[in-house]
Amino acid sequence: MNTYSAPAKVILFGEHAVVYGEPAIAAPFNTLQAQVIATPAPPDSGLSIISPASSLRLHVTLANDTADNALIYAAQLVLKALTKPPPDLTLELHSNIPIGGGFGSGAAVSAALMRALSAALGEPLDGEALNALVYQVEKLHHGTPSGIDNTVIVYNQPVYFVRGTAPQRFQVGTPLTFLVADSGVSASTRETVSDVRRLYTRDQAHYSAIIGEIGNLTRAARTLIESGESLTELGELMNTNHSLLRALTVSSAHLDRLCAAARRQGAYGAKLSGGGRGGSLIALIEPDLAQSISAAMRDAGAAQTWLMRLE
Ligand code: MEV
């Protein structure tokens with residue numbers, strides 16, 4: 001019996017704009033994890049994927065068509081990449097990552113499952129191969145993903161990411177403390193990404209200006225994070241990023257309220273994180289304000305909050 005895992009992710013700046021070629025900054029969030037336990041199964045029992053939490057039991061065969069179930073599809077991608085038949089194996093899923101929470105739950109589960117299966121087949125996938133396969137599953141989940149979620153989750157490192165280019169590491173001048181919150185509302189990234197695409201197609205001049213502003217702000221945020229100079233300015237950039245995401249129609253009254261509550265209680269800045277309209281949000285804070293800001297966000301309706309340090 002072996003256990004394989006992958007973390008959740010948090011986008012600090014640049015979501016949605018990253019789909020259009022602008023940069024984004026993201027970090028793994030290891031408090032939330034997907035885990036897969038691989039156990040040999042009796043001869044001829046084949047490959048099963050089970051999830052005790054949801055009473056799910058799936059049987060994986062090497063079908064030729066694309067599976068509409070993302071877990072079966074993820075397993076099939078590994079079998080095809082390694083040209084192996086399904087082994088006699090049980091893959092048991094565990095995850096404390098909220099689904100539809102903007103934390104990259106789908107990519108984390110895929111990454112942990114593919115790690116487990118490739119290792120059981122005696123050919124553990126390296127980062128690059130795993131990243132490419134998880135991206136294929138992301139396409140099933142999200143339609144036109146930029147690739148940022150799978151990249152930050154597979155490499156388990158903070159990244160400055162531009163679609164189609166190698167992810168870049170960046171320095172953190174002064175350790176940053178974030179309060180990460182689950183808004184309690186689950187939302188579909190596929191839907192928000194395709195809604196933004198529809199708006200963009202309808203009025204390209206207007207929406208590409210907003211997307212360009214998000215790009216500029218993300219570049220400025222990287223400089224500030226690296227210099228460690230001004231948390232106040234970094235927080236302001238988060239607030240502006242949130243407003244621009246609202247202009248892309250991916251915020252919600254609930255997310256706006258949660259961000260406002262964090263700011264009122266002394267956060268440097270707050271913004272939604274990920275696909276939006278629900279899901280998660282982040283606030284940049286002084287560590288000694290964590291309790292009071294967390295309480296304010298919960299009073300405003302957040303389901304859960306966690307601390308995240310970036311250094
Ligand atoms: C989702 O975590 C981030 C988005 O920018 C979509 C993507 O980059 O694929 C909204």
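Figures for the structure shown
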item	result
One residue from THR144, THR192 being within 14 Å of the ligand (Cβ to nearest atom) and within 27 Å of VAL60 (Cβ to Cβ)	THR144
Test: VAL172 is of a type in the set (Val, Ile, Thr), more than 24 Å from ILE72 (Cβ to Cβ), touching a strand residue (DSSP E or B) at 6+ places or on another chain (Cβ under 8 Å) and away from the ligand (no atom under 14 Å from the Cβ)	yes
Which listed residue, of PRO145, PRO124, is of a type outside the set (Val, Ile, Thr), touching a residue at least 60 places away in the same chain (Cβ under 8 Å) and in a loop (DSSP other than H, G, I, E, B)	PRO145
Test: residue in region 196-205 that is within 15 Å of the ligand (Cβ to nearest atom), within 29 Å of LEU258 (Cα to Cα) and open to solvent by 70 Å² or more (accessible area, probe 1.4 Å)	yes
Subset of region 128-137 that is within 13 Å of the ligand (Cβ to nearest atom) and within 17 Å of ASN156 (Cα to Cα) - its residue that is least open to solvent (accessible area, probe 1.4 Å)	VAL134
Total residues in region 48-75, condition open to solvent by less than 70 Å² (accessible area, probe 1.4 Å) and either outside the structural domain of PHE29 (by TED's automatic domain parsing) or touching a residue at least 60 places away in the same chain (Cβ under 8 Å) (or both)	4
Contacts under 6 angstrom Cβ, first residue in region 245-267 being open to solvent by less than 40 Å² (accessible area, probe 1.4 Å), partner assigned to a helix (DSSP H, G or I) and more than 16 Å from the ligand (Cβ to nearest atom), 6 or more apart	LEU258/MET297; ALA261/ALA296; ALA261/MET297; ALA262/ILE293; ALA262/MET297; GLY266/LEU289; ALA267/ILE293
Selected residue [modelled with pLDDT under 95 and among the polar types (S, T, N, Q)] from SER208, SER186, SER227, SER252	SER186
Hits in region 4-17 (condition: within 11 Å of the ligand (Cβ to nearest atom) and farther than 24 Å from SER243 by Cβ)	ALA8
Residue satisfying all of: in region 94-114; more than 16 Å from the ligand (Cβ to nearest atom) and open to solvent by 20 Å² or more (accessible area, probe 1.4 Å); nearest to ALA38 (Cα to Cα) among these	HIS94
Of all residues making up region 76-97, the number that are touching a residue at least 40 places away in the same chain (Cβ under 8 Å), out of contact with any helix residue (DSSP H, G or I) (no Cβ under 7 Å at 6 or more places or on another chain) and in a loop (DSSP other than H, G, I, E, B)	2
The lone exception for TYR20 - which of (1) away from the ligand (no atom under 16 Å from the Cβ); (2) in contact (Cβ under 8 Å) with a residue 40 or more places away in the chain; (3) among the hydroxyl-bearing types (Ser, Thr, Tyr); (4) open to solvent by 20 Å² or more (accessible area, probe 1.4 Å) it fails	(1)
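The rows are residues; the columns are (1) at pLDDT below 95; (2) within 18 Å of ILE282 (Cβ to Cβ); (3) in a helix (DSSP H, G or I).
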site	(1), (2), (3)
THR151	no, no, yes
ARG163	no, no, no
PHE178	no, yes, no
GLY212	no, no, yes
ALA221	no, yes, yes
ASN239	no, yes, yes
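The values are calculated or read from the model by the stated rules, or taken from the named source; none is laboratory data. In this text the structure is predicted, and so the values were computed from the model without any measurement. Neighbour counts run over all protein chains shown; Cβ positions are idealised from the backbone, glycine included. Surface areas here come from the heavy atoms of the whole protein model, side chains and all, with no ligands, DNA or RNA. Shrake-Rupley method; radii C 1.70, N 1.55, O 1.52, S 1.80 Å.
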